[in-house]
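**Q** One structure coming up, written as structure tokens, with questions to follow.
Readers should treat all values here as calculations from the given coordinates under stated rules, not as data from a laboratory. Here the structure is a predicted model, which means the values were calculated and not measured. Please note: Cβ atoms are built from the backbone with ideal geometry, for glycine as well, and neighbour counts cover all protein chains shown.
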Amino acid sequence: MRSEDFDFYERSAGESADHSSTLAVVNHRLFEGEALDGVYRGRPPGIGFLGVTNRRLIMLETSTDPQRLALTSVPLSRVTSVGFLPTDAGALEQATSICVKVTHVLYELNCRDHTTAREAHDLVIWRLISG
């Protein structure tokens, strides 16, 4: 996978980023019977996007090599926890980042605001407990 295929990752911090390109990447990789619940764009540092389906999480990330992007799929059964990452100790309700732990790897999604972070967090938790 070439990083130029995902140029929206570099632009995702701006409000003018094209959300349709992210949806196209995720929609083209869904399997029969798989339903897309939500897609959340990330801001550097962290994952480029988080797609949540009824079966798995789909992430654009650089955990194996910071110079290369990987489109990573994780079955929901492998997600061990989801949490908020506040910038200040007392600012949990205003956190704009969430973390998703997959066995021993922690992925961070930096959202544009706390409402989006809360929505992403709650959707992943809902998928995990409704399972």
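**Q** Could you list, in sequence order, all residues of the range 32-48 that are of a type outside the set (D, E, K, R) and without any contact (Cβ under 8 Å) to a residue 60 or more places away in the chain? Lay out the reasoning, then the answer.
**A** So the first thing to find is which residues in the range 32-48 are of a type outside the set (D, E, K, R), and the list is 33, 35-36, 38-40, 42, 44-48.
Within the range 32-48, 33, 35, 36, 39, 48 meet the criteria.
**Q** How many residues, within the range 37-72, are assigned to a strand (DSSP E or B), of a type outside the set (S, T, N, Q) and surrounded by 18 or more Cβ atoms within 10 Å (Cβ to Cβ)?
**A** Within the range 37-72, the subset assigned to a strand (DSSP E or B) is 37-41, 49-53, 56-61, 70-72.
From what is left, the residues that are of a type outside the set (S, T, N, Q) are 37-41, 49-52, 56-61, 70-71.
Next, only the ones that are surrounded by 18 or more Cβ atoms within 10 Å (Cβ to Cβ) stay: 39-41, 49-52, 56-61.
Here the count works out to 13.
**Q** For residues that are of a type in the set (A, V, I, L, M) and assigned to a strand (DSSP E or B), scanning just the range 73-96, find the one that is nearest to residue 29 (Cα to Cα).
**A** Keep residues of the range 73-96 that are of a type in the set (A, V, I, L, M), which gives 74, 76, 79, 82, 85, 89, 91-92, 95.
Now restrict to residues that are assigned to a strand (DSSP E or B): 74, 79, 82.
On the way: 74: 13, 79: 20, 82: 24 Å.
Result: 74.
**Q** While we're looking at this one, here's another question. Quick check on my filter: what residues within the range 97-118 are surrounded by 15 or more Cβ atoms within 10 Å (Cβ to Cβ), part of a strand (DSSP E or B) and not charged (D, E, K, R)?
**A** Our first condition is that a residue be surrounded by 15 or more Cβ atoms within 10 Å (Cβ to Cβ); within the range 97-118, this holds for 97-100, 102, 107-112, 114, 116-118.
Restricting the remaining residues to those that are part of a strand (DSSP E or B) gives 97-100, 102, 107-110.
Once the filter is applied, which keeps residues that are surrounded by 15 or more Cβ atoms within 10 Å (Cβ to Cβ), part of a strand (DSSP E or B) and not charged (D, E, K, R), the range 97-118 yields 97, 98, 99, 100, 102, 107, 109, 110.
**Q** How many of the residues in the range 98-115 are under 13 Å from the mean Cα position of the chain (by Cα) and within 17 Å of residue 58 (Cα to Cα)?
**A** Filtering the range 98-115 for residues under 13 Å from the mean Cα position of the chain (by Cα) gives 98-102, 106-112.
Next, only the ones that are within 17 Å of residue 58 (Cα to Cα) stay: 98-102, 106-111.
The number of residues fulfilling the criteria is 11.
**Q** Of (1) without any contact (Cβ under 8 Å) to a residue 24 or more places away in the chain; (2) acidic (Asp, Glu); (3) touching a Pro at 6+ places or on another chain (Cβ under 9 Å), residue 108 satisfies all except one. Which?
**A** Failed condition: (1).
**Q** Continuing with the same structure: So, residue 92, is that one more than 17 Å from residue 22 (Cβ to Cβ) and surrounded by fewer than 17 Cβ atoms within 10 Å (Cβ to Cβ) or not? Steps first, answer last, please.
**A** Values: more than 17 Å from residue 22 (Cβ to Cβ): yes; surrounded by fewer than 17 Cβ atoms within 10 Å (Cβ to Cβ): yes.
Judged against the criteria, residue 92 is a match.
**Q** Scan the range 49-80 residue by residue and report those that are within 10 Å of the chain's Cα centre (by Cα) and charged (D, E, K, R).
**A** Scanning the range 49-80 gives a single hit, 61.
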